[in-house]
Amino acid sequence: HYTTNFAVGEPLDGAAVGRVIASRADGLPVGTAVRHRLGWREYAVVAAPEARVVDETLGALPTWLGALGQTGFTAWVGLVRIAALRPGDRVFVSGAAGAVGSIAGQLATRLGASLVVGSEGVRVADGRLELPCLLGGELAVLADQHLCHRLCALGRVSVAFGGRDDGALHEDVPRARE
């Protein structure tokens, strides 16, 4: 658990972004866009070392709470640092409808994956799962987790991205790059 429980009447815990409206700190002039961990609120008094300047040329302030924040960093580390994604890899994303999974699918496509396969446990009325606008690129979406495991075991997926509960799936993937 990376955040505290919510308390009635208190600000929501977690990362927040805003603009400096008053400052006595060098390097944080009025108007600077910053991110901090003091929660969501109208105003926050933030110690200078706890404020991280964000570069708005990379994305609008809200983006620093998602794709350019912890969510995007988690997806990037998983794909680039841990899985060592290479152009042409075939990527399976477990939990593709979630915050990190949706970013992981988009990032895999941008990093050159030849195929992105997403899975999520929610089904629409006709029994199929549809996420094509969520992941983009060449996309196949599978709602059947057992089929996903079989694809990995057969070497059809070279990178699997998922949560800690996907251990059996991740055991199958190394065979895909051999």
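The values are calculated or read from the model by the stated rules, or taken from the named source; none is laboratory data. If you're wondering where the values come from, they're calculated on a predicted model, not measured in any experiment. Note: areas computed on protein heavy atoms with side chains; ligands, DNA, RNA excluded. Shrake-Rupley method; radii C 1.70, N 1.55, O 1.52, S 1.80 Å.
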query: Long-range amide H contacts for residue 39: which residues qualify at under 5 Å (H placed 1.01 Å from N, peptide plane, sequence gap of 5 or more or a different chain)?
result: 14, 16
field: Percent carbon-and-sulfur accessible area, region 1-104, ignoring ligands, DNA and RNA, probe 1.4 Å
entry: 58
- line: Residues whose modelled amide H sits under 5 Å from the amide H of residue 89, counting only those 5 or more places away in sequence or on another chain, are 114
- line: Note to self: with every protein chain in place and a 1.4 Å probe, region 1-93 gives an accessible area per residue in Å² of 68
